[in-house]
1. Heads up, I need the accessible area for ASP24: 1.4 angstrom probe, whole protein in place, Å², nearest 10.
2. Length gain on complete extension for the stretch ARG10 to THR29, per 0.36 nm per residue less the alpha carbon to alpha carbon distance?
3. What part of the accessible area of the chain, given as a whole %, is carbon or sulfur when the probe is 1.4 angstrom?
4. Taking the DSSP beta bridges in the chain as the whole, what percent of them are antiparallel, to the nearest 5?
5. Which one of VAL8, PRO107, ALA68 has its Cα pushed farthest toward the positive end of the charge dipole of the chain, where Lys and Arg give +1 and Asp and Glu give -1 at the Cβ?
6. Provide MET19, MET96 ordered by accessible surface of protein heavy atoms (probe 1.4 Å), highest first.
7. Under the 0.36 nm per residue contour assumption, what length would be gained going from the current alpha-carbon distance of GLU101 and GLU40 to full extension?
8. What do you get for GluC sites (Glu not before Pro) in the stretch 13-113 restricted to DSSP loop and a cutoff of at most 13 other Cβ within 10 Å of the site's Cβ?
Amino acid sequence: MQELQFNVRRVNDVEVIEMTGAIDALAFTAFSATLVRLMEEATPCIVLECSQVSYIGSAQLKGLIDFAHRAQARGGDVKCVGLPQTIQQVANLIAMGDLIEFYDDLPQALRSF
C-alpha cells in the first residue's frame, strides 16, 4: 500500500484536501490532526479529493463520517470527490443512513456549498 500523502489548498471559502495513497490507522492519525485544525474554523467547509486514494479502512471511514457530522453541527460539511464506488458503498453501510455526500468532480462539490 502506498503511504498517504495529502495537500491542503483553499478554493474560495472551501478547504480542498487532495489525497493520494492508503488511509489506514497510522495515516489517519496524522490526517485527523489536519481535519481537527480545519474544524476550528468558523464554518468548516471541506472537500476531500479522493480520486487517488487506493484504500480506506472501515474505522477510518467512520472517522471521516464523524468529522462530517462535526462540520455539519457548525454549519459546514465534509464532502468527497472521486471516491471509488466500492469505498462509497462501504461508507454508506457504515454511515447507517447518515450519508456523506459524494461527487464525481471538484467543481460540482464546490458548487454544493
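1. 50
2. Extra length available between ARG10 and THR29 comes to 4.6 nm.
3. Exposed carbon and sulfur together represent 51 percent of the surface.
4. 30
5. Toward the positive end, the furthest listed residue is ALA68.
6. Accessible-area ranking of MET19, MET96, largest first: MET96, MET19.
7. Full extension from GLU101 to GLU40 adds 19.8 nm.
8. Within the stretch 13-113, the qualifying GluC sites (Glu not before Pro) (loop, at most 13 other Cβ atoms within 10 Å) are GLU40.
The values are calculated or read from the model by the stated rules, or taken from the named source; none is laboratory data. As the structure is a prediction and not an experimental result, all values here were calculated from the model. Quick reminder, even Gly has a Cβ in these numbers, built from the backbone with ideal geometry, and neighbours come from all protein chains shown. Quick note on the areas: whole protein, heavy atoms, side chains included, nothing else; ligands and nucleic acids left out. Shrake-Rupley method; radii C 1.70, N 1.55, O 1.52, S 1.80 Å.
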